[in-house]
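The values are calculated or read from the model by the stated rules, or taken from the named source; none is laboratory data. Remember, it's a predicted structure, so these values are computed and weren't measured experimentally. Virtual Cβ from ideal backbone geometry, glycine too; neighbours counted across all protein chains shown. The area values use the complete protein model at the heavy-atom level, side chains included, leaving out ligands, DNA and RNA. Shrake-Rupley method; radii C 1.70, N 1.55, O 1.52, S 1.80 Å.
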Amino acid sequence: MTSNNTPSQSGSAAAPGQRFAQFQPDPAAKAAVHAADRAHVFHSWSAQGLIDPLPIAGAEGSYFWDYDGNRFLDFSSQLVNTNIGHQHPKVVAAIQEQAGRLCTLAPGFAVDVRAEAARLIAERTPGDLDKIFFTNAGAEAVEHAVRMARVHTGRPKVMSAYRSYHGATAAAINLTGDPRRWASDTGTAGVVRFWGPFLYRSHFHATTEAEECERALAHLEETILFEGPQSIAAIILETIVGTAGVLMPPAGYLAGVRAICDRYGIVFVLDEVMAGFGRTGTWFAADLFDVTPDLLTFAKGVNSGYVPLGGVAISGAIAATFDQRPYPGGLTYSGHPLACASAVATINTMAEEGIVENAARIGADVLGPGLRELAERHPSIGEVRGAGVFWALDLVRDRETREPLVPYNATGADNQPMAEFAAACKKQGLWPFVNMNRTHVVPACTVTEAEAKDGLAALDEALNAADAHTTAGAAGAAGRVL
């Protein structure tokens, strides 16, 4: 894939790729941005002296570019959040119009755009999740969902799965099931952890999806019984586990969790921060499994992060708890007008332009078949998982043993195979989403068929770097030496 492929933008009034075509490399601006960043910006999840952030000059549709004029096909959707693509003109215009009319107002007032955003979200959530509490991001949405569940039930504990990510604020990080939790885990946060289903690396010695589902549900219920059902306020699950590997739950699992929650009076929380708003080819991933939680958290794709926004969709029963009793929580910027305006524009544009349907079609016709075809030729691909524009490749050293390409939470030299793969992607003009031994294929929901195929071609080339670290690759190299 060359660096001058023309980007596409659904709904754009200008010719596709016009912003990039007009861009002129600017080394002086690059140097200034880099210097200011290194002098003053403290970056997330990073050893500050070991990183060198790439200065970015612009973005449009499925692409972004640097000050040297290198353009990247964004197969990460940044942090799996730019569902409507970069700089969608209808969303940009809505923010500009709202800024000229009413920039901000405290959350205690009724505001037209806030009410409309809530209505549009509630119209698409499953079941009776008709009340919307707005937050600034997904982590805060999880914080408030947990608080609602604890107050509603009067119980202290919340259950969450290993292989999960729920955010970096106090309760959310303790609920998270990956190494980012370790430095902040108090051990006294009232969190009980369990193993969710994952047949490819089963903890239950299962050989079929049905066995994995049955045994995972039995494990969950047994954990509840040993913890004391009367002490458990909520179970929180990502509908489809995101950062930890795009883990698709087996048929019947989420319905089984719903039944267990009902049996013991436990609030069922689905975290759709990453999977929601078109990512899976449906408005919410819950639609794929015909399940309705009591609380549903969202953020990211609700407005593609153009202005920070998240929230909790609340069932009638839990909302009624606070009819006469004040809810003990709030945020200065809850339902911020600029954020809500961008959400209204995003949701309406996605509906008008068939963007959710596009995500479903690209997944079924291009990404799914294309990734499975790559797996036939690349020994580093152990498993292909996903739906819509939400996919992952589980990269391995050996397909028979399923040994991951790099160890769990690898750093430095141990992570070299994945670092080489990521560098090979970028050399091909593809910006990947890499986590541990996986690469996620998560372009915008607006991605075109041509762009998706370009991305697959770049992956095809970059996977050679991963293949070199497999047992098959090592054997081939040894044969060539002989």
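The table below lists the values:
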item	result
The one condition in (1) open to solvent by 60 Å² or more (accessible area, probe 1.4 Å); (2) at pLDDT below 95; (3) touching an Asp or Glu at 6+ places or on another chain (Cβ under 6 Å) that P25 fails to fulfil	(2)
Failed item in (1) at pLDDT 95 or above; (2) not in a loop (DSSP other than H, G, I, E, B), with T243 passing the rest	(2)
Test: N415 is assigned to a helix (DSSP H, G or I), of a type outside the set (D, E) and touching a residue at least 24 places away in the same chain (Cβ under 8 Å)	no
Of residues in the stretch 257-304 being hydroxyl-bearing (S, T, Y) and in a loop (DSSP other than H, G, I, E, B), the one farthest from E116 (Cα to Cα)	T280
Count - residues of the stretch 363-383 that are buried (at least 24 other Cβ atoms within 10 Å of the Cβ) and assigned to a helix (DSSP H, G or I)	2
Any chance T282 is farther than 19 Å from F390 by Cα, at pLDDT 95 or above and of a type outside the set (A, V, I, L, M, F, W, C)	no
Helices (runs of 4 or more DSSP H) fully within the stretch 67-136 counting 1 or more residues that are modelled with pLDDT of 95 or more, over 19 Å from the mean Cα position of the chain (by Cα) and not aliphatic (A, V, I, L, M)	89-101, 112-124
Cβ pairs under 6 Å, 6+ apart, first in the stretch 337-362 and more than 23 Å from A99 (Cα to Cα), second assigned to a helix (DSSP H, G or I) and open to solvent by less than 10 Å² (accessible area, probe 1.4 Å)	V356/M350; I362/A452
Lone unmet requirement of (1) part of a loop (DSSP other than H, G, I, E, B); (2) at pLDDT below 95; (3) in contact with a helix residue (DSSP H, G or I) (Cβ under 8 Å, 6 or more places away or on another chain); (4) over 21 Å from R438 (Cβ atoms) for S164	(4)
Lone unmet requirement of (1) closer than 30 Å to C340 by Cα; (2) open to solvent by 30 Å² or more (accessible area, probe 1.4 Å); (3) part of a loop (DSSP other than H, G, I, E, B); (4) among the small types (G, A, S) for A189	(1)
